[in-house]
Amino acid sequence: MCHLRQFICSILLAFALYSSLQAQANPSFSTRPTSPFSIALETLQNQIQYTFQDVELLRRALTHASYSGENNRALSVLGEKVIEGSVSLQLLSKDIDMSPKDLNRVIVELSSNVVTSCAADGGRLGLQKIIRVSRKTNSSAPAVVCGAFRAMFGAIAIDKSSLDSAGKVFLTIHGKGMEKAMAM
Ligand SMILES: *[C@@H]1O[C@H](CO)[C@@H](O)[C@H](O)[C@H]1NC(C)=O
C-alpha cells in the first residue's frame, strides 16, 4: 500500500516536472505577446528596426505619467539628450566650421520643437495609438506623442548601455527630416 502511494506520487511529480520543462522549452507558451499593447510593441520594434533585450524598457517609454507612476518622464529627458547629441555629432562631423548659432538652431528644430519635429516623427510611427494614457488624456496631443518618441531613445540607450546606439536609431528614423532642417 505504502509502495503504491509512493509510486503514484513519483509519477505525478515526474509529470509536473515534465510540463514545466515543456513550458520553458516552448517559447510560444510563455513569451509570445498576447495583449494588444504587447503586439503593438512588437510591431514598433520592427518599424524602428531595433529589438529590445529588455522590452520592459519600451513598455515604460510608451507609458504616460497619467497612466502609471512607472512612466516615461525620465526616459524622455534622456532621449532628448540622445537626440541633441547625435544631431550635433552628425552636423559637426560634416562641417566642423558650422557656427554655434546655426548648430543650436538645428538642435532646437529637431529635438525641442514639439509641433514640427518629434511629434511628427512619433505620429508617423503611430505612437499615439500605442501609448498608454489615462482616460482623460488625449494620446494625440503633441506633448504626449513627443514624450513617447523621445523616451524610446532613452530606453534604447539604457537597453544597449550606449548613447551612440540610440543616436544611430534616431538618425535612421529621422534621416530625411534632418536633411530638410539642415538645408534651411
Ligand atoms: C486630441 O489632440 C489632437 C492633436 O492636438 C486633436 O486634433 C484632437 O482634436 C484632440 N482630441 C480631443 C478629443 O480633444
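The values are calculated or read from the model by the stated rules, or taken from the named source; none is laboratory data. Small disclaimer: the values here were computed from a predicted structure and weren't measured. In this analysis, Cβ positions are derived from the backbone assuming ideal geometry, glycine residues included, and neighbour counts consider all displayed protein chains.
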Of the candidates 34, 51, the one satisfying the condition of being without any contact (Cβ under 8 Å) to a residue 60 or more places away in the chain, more than 16 Å from the ligand (Cβ to nearest atom) and farther than 24 Å from residue 163 by Cβ is 34
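Here is a yes/no grid of residues against (1) in contact with a His (Cβ under 6 Å, 6 or more places away or on another chain); (2) under 24 Å from residue 121 (Cβ atoms); (3) at pLDDT 95 or above:
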{"position": "15", "(1), (2), (3)": "no, no, no"}
{"position": "19", "(1), (2), (3)": "no, no, no"}
{"position": "22", "(1), (2), (3)": "no, no, no"}
{"position": "31", "(1), (2), (3)": "no, no, no"}
{"position": "45", "(1), (2), (3)": "no, yes, yes"}
{"position": "48", "(1), (2), (3)": "no, yes, yes"}
{"position": "64", "(1), (2), (3)": "no, yes, yes"}
{"position": "69", "(1), (2), (3)": "no, no, yes"}
{"position": "75", "(1), (2), (3)": "no, yes, yes"}
Screening 109, 80, 84 for residues that are in contact with a Lys or Arg (Cβ under 7 Å, 6 or more places away or on another chain) and acidic (Asp, Glu) leaves only 80
Given the criteria more than 16 Å from the ligand (Cβ to nearest atom), at pLDDT 95 or above and crowded, with 19+ Cβ neighbours inside 10 Å, does residue 110 qualify? no
With criteria (1) out of contact with any Lys or Arg (no Cβ under 8 Å at 6 or more places or on another chain); (2) more than 15 Å from the ligand (Cβ to nearest atom); (3) among the aliphatic types (A, V, I, L, M), residue 75 comes up short on (1)
Residue hits (the stretch 126-171; on the phi > 0 side of the Ramachandran plot and among the hydroxyl-bearing types (Ser, Thr, Tyr)) are 161
When the stretch 122-136 is checked residue by residue, the ones that are within 13 Å of the ligand (Cβ to nearest atom) and either surrounded by 15 or more Cβ atoms within 10 Å (Cβ to Cβ) or among the small types (Gly, Ala, Ser) (or both) are 122, 123, 127, 128, 131, 133
Restricting attention to the stretch 67-118, the residues that are free of Cβ contacts under 8 Å to residues at least 40 places away in the same chain and among the hydroxyl-bearing types (Ser, Thr, Tyr) number exactly 6
Just one listed residue, out of 119, 141, is within 23 Å of residue 43 (Cβ to Cβ), within 13 Å of the ligand (Cβ to nearest atom) and in contact with a Cys (Cβ under 9 Å, 6 or more places away or on another chain), and it is 119
